[in-house]
1. Just the number, please: Stokes-Einstein D of the range 116-218 in µm²/s, Kirkwood Rh from C-alpha pairs, 4 °C, 1.567 mPa s.
2. What accessible area per residue, rounded to a whole number of Å², is obtained for the range 211-349 using a probe radius of 1.4 Å?
3. Just tell me, in residue order, which DSSP H segments of the chain are both 27 angstrom or longer along the helix axis (alpha-carbon based) and at least 1.0 in mean Kyte-Doolittle hydropathy.
4. In terms of Cα to Cα distance under 28 Å, which lysines are near enough to Lys119, apart from those fewer than 8 places away along the same chain?
5. Calculate, axis by axis, the spread of Cα positions in the range 246-361 along the three principal axes, and write the results as whole Å, longest axis first.
6. Name all residues of the range 141-161 having a backbone nitrogen under 20 Å from the label point set 7 Å from the Cα of Asp7 along its Cα→Cβ direction, giving them as ranges.
7. Using only the alpha-carbon atoms, what does the range 162-295 span along each of its principal axes? Please give whole angstrom values in decreasing order.
8. Whenever you get a sec, line up Tyr87, Tyr6, Tyr93 from highest to lowest accessible area (probe 1.4 Å, protein heavy atoms).
Amino acid sequence: MATVTYDHVTKRFGEFVAVNDLNLAVRDSEFLVLVGPSGCGKTTALRMLAGLEEQTTGDIRIGERVVNDVPPKDRDIAMVFQNYALYPHMSVYDNIAFGLKLRGMPKQEIDRRVNEVGKMLGIGQLLKRKPKELSGGQRQRVAVGRAIAREPAVFLMDEPLSNLDAKLRIQTRAMLQQLHQRIRRTTIYVTHDQVEAMTMGDRIAVMNDGKLQQLDTPETLHERPANLFVAGFIGSPSMNFFPAKVTGSNGQVVADAGFFKAPLSGKAAEAVGRDVILGIRPEDINDMATERQDGQLPLDAKVEVVEFLGNELQLLLSADTTNFIARVGTQTQTKPGQTLRVGLNLKKLHVFDKQTEAALR
């Protein structure tokens, strides 16, 4: 097991900056998720750690060792790829054992590790099959098993669930979490799926345009996003945003969004005269007829769409030509075309500077 450190790491492809001055410290035994949209630099950051790409500037350390010039095979890492990368002519047993054989490991130790991994992942009965005889989920388990058998210091996973269907993704996601709890190896997991990131990571590093936007626990990212990008990227459905102007003085400062005015306090109240973006998550917009009204800013909205999701309703609402989404309980009685009085939970209101996009806390 080991820590991983990116120290002012930059990667350029010609004039294009794929990773821009990345500073990131991954703790020993931590499951860290790198998340962001396509092209944000997360896979490039992983490939530099693996030694498949050479950084332009900066240092990468595994434990206390700088690995800038260390060949991939000597970095004590194992990587699980998106496309499984299994040898089609080999059995499951031989796919898992292949890397161990290359290292000259005794046959008895290879056999012990392969069978132990097979039992751990629930594929012990599949060891004699070829990859073509396996389902997608089984192939992914073989790819994970090949990495585990190496017993590396660090696991690297590059979108390993993206080829699976929705149900299988949930099952395999749970399997990976249970596996990490058992083996407690430092793991860096790359995905563009924020639901995967929120459910799997001890901490999450959010990237965009090659830059690290925020590094924190899933709870903090959700409740206290550092900027407008993180606020909009984390959470499903996305946070609602409303442009507003900060006005007032003498302790009576409000953000005027046109069809509602929200009282401000703290650092946000110091932004008098500035343009801001107000943000609130769909689950923090309540039906005033079914929820307590304490701390709620009432607002009349027209119901455009009602989506029944089993345990809740997802409503597309509109007010003053602005559309926004609310998630309410199934006890709410409404249908498209009706007017619904909703309440914005002021304790959950986020304020961002329009120019810098930084959160005003």
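1. 88 µm²/s
2. Numbers: 6970 Å² over 139 residues.
Ligands and nucleic acids excluded, the result is 50 Å² per residue.
3. none
4. Reachable lysines: Lys73, Lys101, Lys107, Lys128, Lys130, Lys132, Lys167.
5. For the range 246-361, the Cα spread along each principal axis is 43, 27, 21 Å.
6. Within reach of a label on Asp7, which here means backbone N under 20 Å from a point 7 Å along Cα→Cβ, the range 141-161 contributes 154.
7. 57, 39, 25
8. Tyr87, Tyr93, Tyr6
The values are calculated or read from the model by the stated rules, or taken from the named source; none is laboratory data. Remember, predicted model here, so these are calculated numbers, not experimental data. Virtual Cβ from ideal backbone geometry, glycine too; neighbours counted across all protein chains shown. All accessible areas refer to the heavy atoms of the entire protein, side chains included, with ligands and DNA or RNA removed. Shrake-Rupley method; radii C 1.70, N 1.55, O 1.52, S 1.80 Å.
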